[in-house]
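A short worksheet on the structure shown next.
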Amino acid sequence: MYTYLNDSFVPEEKAFLHISDLAIQRGYGIFDFFRVINNYPLFIDDYLERLFVSAQEMHLKIPYSSNQLKEIIFDLIRKNNLPVSGIKVILTGGYSPDGYQLPDKPNLVISQKPMTFPPPVFPTSGIKIITHEYLRDKPHVKTINYVVGIWIQNKIKEHNAADVLYYYNGIVSEFPRCNFFIVTDDNVVVTPGENILEGITRKHVLALASEKFKIEVRNVTLEEALNARETFMTSTSKRIVPVVQIDNQIIRDGKPGRITRELFDSLVMLEEKELMKGSK
């Protein structure tokens, strides 16, 4: 297995960073993650675009152009030959002389891991989630800071839940690694528009939903979410997952909704079209 570190491919077991890196000293850095199916990185252009936006916001200089970075990623895929996998691109704060100042050069790490993703079949049951009042630092940037998301895992397990939905001052935002959607009584597909990371799957689901339904990107209150007709989450690794219980509130009949299923099927079709590019 190979990892790309700064300017070369190295065996995974030899990929190290010095302890002076700001990612270690202060948790400063960004990343992005995408799926590889049949040795083809799904929607790679979307993910790299977001990576560059995050880097600019955090004053980190990516040492390659988007096209150069894409070539490196394809080389890594060929070297490792993991047809179904996940690739993570990390840009750390770099080696700081005092553990606080941001140096000119960050560290770039591109790693690939074999992964098992859910099959492209709509789930017959949904999940329970809990809520937690919290607002992430720089929520529109995909930083490596997942302190609260990891810290709250015990509470999630205690409540026999699958994930936690953040809210702040009564307005819901996102999950630690997923975006949130509701469907209203009049079949409007709504997703929060503030204090969130704009997910790539979220982007595609909004585009697909706009072809059949009215969509809204706006504030969603916790009360509105609890009383929605349907609720679901979206993410790179999970596609669309129906949410049928929020805290102690069952969402309608407690079953995945029709519109959620339609969007799931549309997303799978979009993925299949994307994969056709890789087969050419």
The range 134-176: Kirkwood hydrodynamic radius (Cα pairs, Å) comes out at 11.2 Å
Treating only the Cβ of Lys, Arg, Asp and Glu as charged (+1, +1, -1, -1), what charge dipole size does the chain show about its Cα centre? Round to the nearest 20 debye.
580 debye
State the volume of the convex hull built on the alpha-carbon positions of the chain, expressed per residue in Å³ and rounded to an integer.
135 Å³
Taking only the alpha carbons of the range 127-273, what extent do you get along each of the three principal axes, in Å, biggest first?
38, 33, 26
Just report the Cα centroid separation between the range 32-50 and the range 223-242, whole Å.
23 Å
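How high is the relative contact order of the chain, in percent, counting Cα pairs under 8 Å that sit 6 or more residues apart? Walk me through the numbers before you get to the answer.
Working: 534 pairs, mean separation 49.4, N = 280.
Relative contact order for the chain comes out at 18 percent.
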How far, in degrees from 0 to 90, does helix 66-80 lean away from the longest principal axis of the Cα atoms of the chain, to the nearest 10?
90 degrees
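Past the 16 angstrom mark, what percentage of all C-alpha to C-alpha distances in the range 40-89 do you count?
On the way: 502 of 1225 pairs.
Here the long-distance tail beyond 16 Å is 41 percent of all Cα pairs in the range 40-89.
What fraction of the Cα pairs in the range 142-226, stated in percent, has a spacing above 23 angstrom? Before the final figure, lay out the partial values.
On the way: 957 of 3570 pairs.
Tail of P(r) above 23 Å: 27 percent of Cα pairs.
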Please give the helix 44-57 orientation as an angle from the longest Cα principal axis of the chain, in degrees from 0 to 90, rounded to the nearest 10.
70 degrees
Can you run phi through the Karplus equation (6.51, -1.76, 1.60; θ = phi - 60°) for the range 177-189 and list ³J(HN,Hα) in whole Hz, with x for Gly and Pro?
10, 9, 9, 10, 10, 10, 10, 7, 4, 9, 6, 8, 8
If you fit an axis through the alpha-carbon atoms of helix 200-210 and take the longest principal axis of the Cα set of the chain, what angle between them do you get, 0 to 90°, nearest 10?
40 degrees
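Can you tally the net charge around GLY170? Count Lys and Arg as +1, Asp and Glu as -1, for every other residue whose Cβ sits under 11 Å from the Cβ of GLY170. It would help to have the intermediate numbers written out before the result.
Values: positive: none; negative: GLU133, GLU223, GLU224.
Every neighbour counted, the sum reads -3.
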Along each principal axis, Cα extent of the range 72-154, largest first, Å
53, 43, 23
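Pull up the DSSP beta bridges for the chain and report the antiparallel fraction as a percent, rounded to 5. Mind showing how you got there, number by number?
Details: 44 of 55 bridges.
Once the DSSP bridges in the chain are tallied, antiparallel ones form about 80 percent.
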Listed residues HIS140, HIS204, HIS18, most fluctuating in the chain (Gaussian network, C-alpha, under 10 Å)
HIS18
Kirkwood-type radius of the range 2-114, with distances r between different C-alpha atoms, in Å
14.3 Å
Of GLU198, GLU211, GLU262, which has the largest mean-square fluctuation in a 10 Å C-alpha GNM of the chain?
GLU211
The range 63-218 - Rg and Dmax from Cα coordinates, angstrom
18.9, 57
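Bear in mind that the values in this text are calculations on the coordinates, not laboratory data. Every value quoted in this text rests on a predicted model; they were computed, and no experiment measured them. All Cβ positions, even for glycine, are placed from backbone atoms using ideal geometry, and neighbour counts span all protein chains on display.
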